[in-house]
Structures are given as C-alpha cells and as structure tokens.
Amino acid sequence: MAHNSGFTLIELILVTIIIGILAGMVVMNYGGRVRETQIRAAKGDIATYSNAVDLYALDHNDKYPASLEDLVSGERRYVREIRPDPWGNPYIYKPATDPLKADYQIFSAGPDGVPGNEDDVTSSSKTELTSKK
C-alpha cells in the first residue's frame, strides 16, 4: 500500500490563512511606524523653524518675520530652505499678532492636508511640540 506524504487541501488552506493574517499584521504595524516617523520629522522641522524664527527676532530688534520665507531671504539665511512637511504640504506659519511678542505658530496640517483638525502637528511658540493624535 502506497503512503501519500503530501499535504491535504485543508492543511494548505489553513497555512494560507495563517500567512495572510501574519502579513496583515505586518502591514498594519508598518503603516503605524511610517506615520510615527512622519510626525517626528514634522516636529523636528517645526522645532528648527521655531529656532530660526527666534534667531530672526534677535537680529531684528525683537520683530518676528512676516513669513517663513523671510528666513531664507535677505542678508542672513536662518535655514537653508523651507521644505514641505512629510506629506508634501507647506508648513503653516501664523505670525505674531504683536510684532514684539513671541506668540507665533508654526504647524503642519498633517496627513490630510486640512488645517484645524485632530491630525495637525502643531507648535505654539515657547511651548512643547504636540500632535493632537
């Protein structure tokens, strides 16, 4: 009597299901890591631009720039370039309402590109960087 040592159809289906579940878990974990990395990159950029804005104010008798573009134009460049956020959108700079006070804001509209909702990555000047999510 010949003994067949191959896999049954049920065993193959079970292995395929297990591999599918594991692959799904890997993809979900990867997506979360990418988002975390993008948020960290945005926070780093915002910190860099905030420092540059503060240096600009020191050099201009405590007057803050009207836009981030002021940081890369003029006699002194405070940053090499103003890059888009990790999602390809421009950073949003809200200048100080009082030119002599450091109440400006620099933030990213986040992955959806729409400012003012929970996925924004923000920084109010002189405060800790936060992500609303």
> Between Glu69 and Ile13, 0.36 nm times their residue separation minus their Cα-Cα distance comes to what?
Replying inline: 14.3 nm
> Which number comes out as Rg/Rh for segment 1-121 once both Rg and the Kirkwood Rh are worked out on C-alpha atoms?
Replying inline: 1.41
>> Would any residue of segment 5-39 have its amide N under 20 Å from a label point 7 Å out along Cα→Cβ of Ile92? List them or say none.
In response: 38-39
> Applying the Karplus parametrisation 6.51 cos²θ - 1.76 cosθ + 1.60 with θ = phi - 60° to the phi angles of segment 12-25, what ³J(HN,Hα) value in whole Hz is obtained for each residue in order, glycine and proline being reported as x?
Replying inline: 5, 5, 4, 4, 4, 5, 4, 4, x, 5, 4, 5, x, 5
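Computed from the coordinates by the stated procedures, all read-outs in this text should not be read as laboratory data. These figures come from a predicted structure and were not determined experimentally. Because the Cβ atoms are built from the backbone with ideal geometry, glycine has one as well, and the counts that use them run over all protein chains shown.
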